[in-house]
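The values are calculated or read from the model by the stated rules, or taken from the named source; none is laboratory data. Worth saying up front: this structure is predicted, and the values here are computed from it rather than measured. Please note: Cβ atoms are built from the backbone with ideal geometry, for glycine as well, and neighbour counts cover all protein chains shown.
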Amino acid sequence: MENHKQDETLDPKDWDEMRTLMHRMVDDAVDYLSTVRERPVWQQMPEAVMEEFKKPAPQEASSAASVYADFKENILPYPMGNIHPRFWAWYMGSGTISGVMGDFWASVMNPNLGGGNHAANQVEAQVLNWMKTIMGFPQSASGLLVSGGSMANLVALTVARHQQAGYDIRQEGITPEVAGRMTVYASTEIHSCNQKAVEMLGMGAKSLRKIPVKADYTIDLDALKTQIKADRTAGMQPICIIGTPGTVNTGAIDDLNALADICEAEGLWFHVDGAIGAIAMLADNVRPQLAGIERADSIAIDLHKWLHMPFEAGCTLVKNDAAHKNTFSLIPEYLAKKSRGIAAGNLWFSEYGPQLSRRFRALKVWMSIKEHGTERFGRMIARNVDQAHYLGQLIEKSPVLELIAPIGLDIVCFRYNPGELSLDQLNEINQEVKILLEERGIAAPGYTTLRGVYCIRVAISNHRSRLDDFEALVEAVVSIGEELNILSAKV
Ligand SMILES: Cc1ncc(COP(=O)(O)O)c(C=O)c1O
C-alpha cells in the first residue's frame, strides 16, 4: 500500500491548465469545421507519419498538451474526408456540431445505458419515440440505438428468427431439423451486412435467397413469389423478407407495400433495411415512395448516414415490443431491477440487444434534432435528392459522360465514355479517374460495378454540398478522362 500514492488519479494535476488546453481544442475544432471546404477532400498519409503508429504504448506519462500536439501533427491532417462538401463515397453522413457537443457531453457524463434509473435512458427512450413517429410506428413499438446499420439489421433479424422459428430457439439453438431450412428473402442488391447477419444467426449464407432485380434495380416481385413457393415445396421454412428502400449501389427503392402484402399472405416477418432510405421519411419529395414502411415488423435506420450524426449511430425499431424483449432479455441476479434507487425503472436497454454496457449515443441525436428540428433535416435530404437529379442532367448534357443506372434516391452511377473504347478500357480509365480525383484532392466519389460496368458512384448524403460542387465534379471527370484517354492513345 505504501508504494501507491493515495492522491494520484487520472484527473489533471492542474485543472486550469487543462481548461486552457480544452478551450484551445474547441477553438481548433470550430476553425477546422468552418474551413473544411478550403482543404483537399483527402490526402495520402506519408510513410514517415505511418511509422508513428507502429510505436509501442508509452509506459511513462506525458503532458496532455504534447499528446494533443501529436494528434494535430499526425492524425488531423489525414481525415477520411467525409465531412468535406465534395465527399460522396460509400454512404456516409457529414456530421453536426450539436452531434459533436452531444458526443462530448456523453463522454463527460459517461453513463452506461445498459439500464438503471438515470436521465440518459430517458433521452434514448425519447429519441426512439421520435423515430417511431417518423416511421409511422405506434409508440408501443420497441427500439434500440445501436452502432449503425449493420448492427440494426442484425438485431432485427435476430428477433425475426426468434419469432418465426416455431420453437424455443434461444434454448435449443439451431436444431438439425431446421439447419439450412429457414430461409430469408431479399433482392440481389441487398447490403452485405444482412448476409453477415444471416450467417451469424447460424442460418447459412445459402438460406439468404437473393432474388433478381428489375431494370430499375428493385426486387422482382414475381420472382420473389416463385422462389417462396418453390422453397415451400422443397420443405424449406421461409421466415422473413427484407425490403430495401434505397439500395447501396443505386438507391433503388423496393415496393414496400407489395412486400408487406406478400409477408401478410405468407405469414412472414417483414424487415426493412432502411439504413439509407428510412430517414428520408422526413423529406417531402421521398416520403410517398416509402409508403408501406409503417407496415414493417422491424426497421433498421442509420442515423450516421442521412441524419448526419457523428459515427456511430444506428437504430432498430420492432413493432412488437414483446417479441423484441423475448429475444434478448436475460436478467441475472446482479442486474435485477429494484423498485427504488439507481437500479429502479423499466428502461433497461440491455434487454433489447446483445450489449450490456452501452454508450450515451442518444445525446448527440437528441441535441441535433432539438437544434435543427425534423423539418430542416428533411430539407437537407430533399435537397440532396434534387442535387442527384441536377448531376444527372449535367451528365446527360455531356457527350463524353454516360449514366449507368436510373438515379435512385440520391445515388448517381455514371462513367466517362468518349466512345470507341472497349469495356475493359472504359473500366480501367474510370477507375483511374476516380483515384486521381481523390489523389488531387478534388472530390471523393464512390464506385461500384453494375452488370460488369465500373461506375463512378456519387452518393449525395452531404448537407454541405452545393450545386457548384457537382459542376466541379463533372468538369474534373471530363478533363481527367480526356487526359487519360490521350495518354492511352499514345501508348
Ligand atoms: C442499405 C444498407 N444497409 C446497411 C448498411 C450498413 O450500415 P453501417 O455501415 O452503418 O453498418 C449500409 C451501409 O452503407 C447500407 O447502405
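From the list Glu428, Glu432, Glu438, Glu402, the lone residue that is in a strand (DSSP E or B), surrounded by 15 or more Cβ atoms within 10 Å (Cβ to Cβ) and at pLDDT 95 or above is Glu402. Taken as a whole, the structure places Asn285 among residues that are in contact with a helix residue (DSSP H, G or I) (Cβ under 6 Å, 6 or more places away or on another chain), in contact (Cβ under 8 Å) with a residue 40 or more places away in the chain and surrounded by fewer than 22 Cβ atoms within 10 Å (Cβ to Cβ).
Is one or more of the residues making up the stretch 190-200 away from the ligand (no atom under 14 Å from the Cβ) and either buried (at least 23 other Cβ atoms within 10 Å of the Cβ) or among the aliphatic types (A, V, I, L, M) (or both)?
no
Residue count for the stretch 240-278, restricted to those that are surrounded by fewer than 24 Cβ atoms within 10 Å (Cβ to Cβ) and either part of a loop (DSSP other than H, G, I, E, B) or outside the structural domain of Leu208 (by TED's automatic domain parsing) (or both): 5. May I ask you to list the residues in the stretch 226-253 that are among the small types (Gly, Ala, Ser), over 18 Å from Asn285 (Cα atoms) and under 22 Å from the mean Cα position of the chain (by Cα)? Across the stretch 226-253, the qualifying residue is only Gly243. Cβ-Cβ distances below 9 Å connect the following pairs, each with a first residue in the stretch 82-105 that is on the phi > 0 side of the Ramachandran plot, a second residue that is outside any helix (DSSP H, G or I) and small (Gly, Ala, Ser), and a separation of six or more residues or different chains: Trp90/Gly446; Trp90/Ala459. Selection over the stretch 90-118 of residues that are in a helix (DSSP H, G or I) and either within 22 Å of Thr316 (Cβ to Cβ) or within 16 Å of the ligand (Cβ to nearest atom) (or both) gives a count of 4. Note on the stretch 242-276: residues that are within 15 Å of the ligand (Cβ to nearest atom), in contact with a Leu (Cβ under 6 Å, 6 or more places away or on another chain) and at negative phi total 2.
For the structure I just gave you, tell me whether Val178 is in contact (Cβ under 8 Å) with a residue 24 or more places away in the chain, assigned to a strand (DSSP E or B) and among the β-branched types (Val, Ile, Thr). Considered against the rule, which asks whether it is in contact (Cβ under 8 Å) with a residue 24 or more places away in the chain, assigned to a strand (DSSP E or B) and among the β-branched types (Val, Ile, Thr), Val178 comes out as no.
Of everything listed in (1) without any contact (Cβ under 8 Å) to a residue 24 or more places away in the chain; (2) more than 24 Å from the chain's Cα centre (by Cα), the single unmet condition for Thr449 is (2). Of the residues that sit in the stretch 132-153 and are surrounded by fewer than 24 Cβ atoms within 10 Å (Cβ to Cβ) and near the ligand (Cβ under 9 Å from one of its atoms), which one is farthest from Ile190 (Cα to Cα)? Restricting to residues being surrounded by fewer than 24 Cβ atoms within 10 Å (Cβ to Cβ) and near the ligand (Cβ under 9 Å from one of its atoms), the top hit is Ser147.
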